[in-house]
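Enquirer: Mind having a look at this structure? Questions to follow.
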Amino acid sequence: MSTDILHEQKNRSLLQIAIFASGAGSNAKKIIEYFRGSKEASINLIVCNRQGAGVIQIAADSQIPVLIIEKERFFNGDSYLQELQHSSINFIVLAGFLWKIPETLIQNFRNKIINIHPALLPKYGGKGMYGSKVHDAIIAAGETESGITIHYVDEHYDNGDIIFQAKCNIEPNDTAETLAEKIHQLEHENFARVIEECVSKI
Ligand code: GRF
């Protein structure tokens with residue numbers, strides 16, 4: 001068999017993932033490291049809505065192209081479908097992405113978009129519940145546990161089918177900051193592996 005054919009066969013089975021992120025990108029970094037050299041999937045694109053976000057440097061360090069997106073085209077145009085198709089993206093991972101996903105992308109990637117939420121959904125989810133706001137609300141309510149939820153993305157905020165949850169205890173002296181650290185640890189331990197399980201079913 002020629003090397004060209006071998007190369008083609010390898011690429012055909014490789015799932016191409018885009019990570020959407022708005023912030024520091026520590027989850028994106030873990031996912032990039034996890035899939036480096038994988039025969040299942042590769043991270044082909046980082047999509048970011050914020051100039052200067054940490055995730056942009058993480059992508060540059062790994063030589064992964066970055067697409068910076070703007071509100072108008074994302075919400076009222078083609079939602080950058082053209083670029084996603086051009087990069088042959090067939091799975092989308094939201095890793096700290098703060099914009100709602102528009103209909104166009106939901107329809108074109110049905111059951112192929114997953115999100116990580118820093119709480120045990122259905123509690124502490126929905127519009128406005130993101131980042132430190134989630135941890136502030138959980139500490140203020142005096143909860144004794146929190147955790148992470150990985151779920152499919154549909155038309156509504158934090159609403160799609162749940163794929164995976166993991167819990168952590170909240171001690172009386174925990175603050176929103178220390179809780180955020182515990183949550184990040186859970187995310188870093190589990191997200192990439194759960195993504196791998198999802199893509200292996202496609
Ligand atoms: C994570 O806690 C994620 O659950 C939330 O935003 C945070 C992103 O962190 N939606 P990072 O940018 O991956 O470090």
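The values are calculated or read from the model by the stated rules, or taken from the named source; none is laboratory data. Everything numeric here is computed off the predicted structure, so don't read it as measured data. Backbone-built Cβ (ideal geometry, glycine too); neighbour counts: all protein chains shown. Protein only, heavy atoms only, side chains kept; ligands, DNA and RNA dropped before computing areas. Shrake-Rupley method; radii C 1.70, N 1.55, O 1.52, S 1.80 Å.
Enquirer: As an exercise: evaluate ARG193 against (1) under 14 Å from the mean Cα position of the chain (by Cα); (2) open to solvent by 60 Å² or more (accessible area, probe 1.4 Å); (3) within 14 Å of the ligand (Cβ to nearest atom); (4) over 30 Å from ASP78 (Cα atoms) and give the number of the one condition it does not meet.
Expert: (3)
Enquirer: I'm trying to understand the selection: among the residues of the stretch 47-57, which are of a type in the set (Val, Ile, Thr) and either open to solvent by 30 Å² or more (accessible area, probe 1.4 Å) or at pLDDT below 95 (or both)? Write out each step before concluding.
Expert: So in the stretch 47-57, the residues of a type in the set (Val, Ile, Thr) come out as 47, 55-56.
Result: ILE56, single match.
Enquirer: Please give the number of the condition ILE101 fails out of (1) open to solvent by 20 Å² or more (accessible area, probe 1.4 Å); (2) more than 10 Å from the ligand (Cβ to nearest atom).
Expert: Condition not satisfied by ILE101: (1).
Enquirer: In addition: If ASN27 satisfies all but one of (1) of a type in the set (S, T, N, Q); (2) within 13 Å of the ligand (Cβ to nearest atom); (3) open to solvent by 30 Å² or more (accessible area, probe 1.4 Å), what's the number of the condition it fails?
Expert: Of (1) of a type in the set (S, T, N, Q); (2) within 13 Å of the ligand (Cβ to nearest atom); (3) open to solvent by 30 Å² or more (accessible area, probe 1.4 Å), only one is false for ASN27: (3).
Okay, residues lined up against (1) part of a helix (DSSP H, G or I); (2) of a type in the set (A, V, I, L, M); (3) closer than 20 Å to CYS198 by Cβ:
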site: ALA24; (1), (2), (3): no, yes, no
site: ILE31; (1), (2), (3): yes, yes, yes
site: LYS39; (1), (2), (3): no, no, yes
site: ASN44; (1), (2), (3): no, no, yes
site: VAL47; (1), (2), (3): no, yes, yes
site: ARG50; (1), (2), (3): no, no, no
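Enquirer: Looking only at residues that are small (Gly, Ala, Ser) and more than 14 Å from TRP99 (Cβ to Cβ) in the stretch 19-34, which one is farthest from the chain's Cα centre (by Cα)? So that I can check it myself, show each step before the final result.
Expert: So the first thing to find is which residues in the stretch 19-34 are small (Gly, Ala, Ser), and the list is 21-26, 28.
Subset that is more than 14 Å from TRP99 (Cβ to Cβ): 24-26, 28.
Numbers: ALA24: 13, GLY25: 10, SER26: 11, ALA28: 7 Å.
If we take residues in the stretch 19-34 being small (Gly, Ala, Ser) and more than 14 Å from TRP99 (Cβ to Cβ), then ALA24 is farthest from the chain's Cα centre (by Cα).
Enquirer: Still on this structure, I have one more. List the number of the failed condition for LYS112; all other conditions in (1) within 15 Å of the ligand (Cβ to nearest atom); (2) under 16 Å from the mean Cα position of the chain (by Cα); (3) not small (Gly, Ala, Ser) hold.
Expert: LYS112 satisfies every listed condition except (1).
Residue-wise test of (1) closer than 20 Å to ALA21 by Cα; (2) within 14 Å of the ligand (Cβ to nearest atom); (3) surrounded by 17 or more Cβ atoms within 10 Å (Cβ to Cβ).
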position	(1), (2), (3)
PRO118	yes, yes, yes
SER132	yes, yes, no
SER146	no, yes, yes
GLU155	yes, no, no
ASN159	yes, no, no
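Enquirer: Hey, can you tell me all the residues within the stretch 69-86 that are surrounded by fewer than 16 Cβ atoms within 10 Å (Cβ to Cβ) and either within 16 Å of the ligand (Cβ to nearest atom) or part of a loop (DSSP other than H, G, I, E, B) (or both)? Can you show your working first?
Expert: Looking only at the stretch 69-86, we keep the residues that are surrounded by fewer than 16 Cβ atoms within 10 Å (Cβ to Cβ), and these are 70-73, 75-78, 82, 85-86.
GLU70, GLY77, ASP78 - these are the residues of the stretch 69-86 that are surrounded by fewer than 16 Cβ atoms within 10 Å (Cβ to Cβ) and either within 16 Å of the ligand (Cβ to nearest atom) or part of a loop (DSSP other than H, G, I, E, B) (or both).
Enquirer: Within the set of pairs 6 or more residues apart or between chains, which connect a residue that is among the hydroxyl-bearing types (Ser, Thr, Tyr) inside the stretch 26-55 to a residue that is away from the ligand (no atom under 11 Å from the Cβ) and in a loop (DSSP other than H, G, I, E, B) with Cβ atoms less than 9 Å apart?
Expert: Once the first residue is among the hydroxyl-bearing types (Ser, Thr, Tyr) and sits in the stretch 26-55, its partners that are away from the ligand (no atom under 11 Å from the Cβ) and in a loop (DSSP other than H, G, I, E, B) give SER38/LEU14; SER42/LEU14; SER42/ARG36.
Enquirer: Could you tell me whether any residue of the stretch 65-78 is among the basic types (Lys, Arg) and under 22 Å from GLY125 (Cβ atoms)?
Expert: No: the stretch 65-78 contains no residue that is among the basic types (Lys, Arg) and under 22 Å from GLY125 (Cβ atoms).
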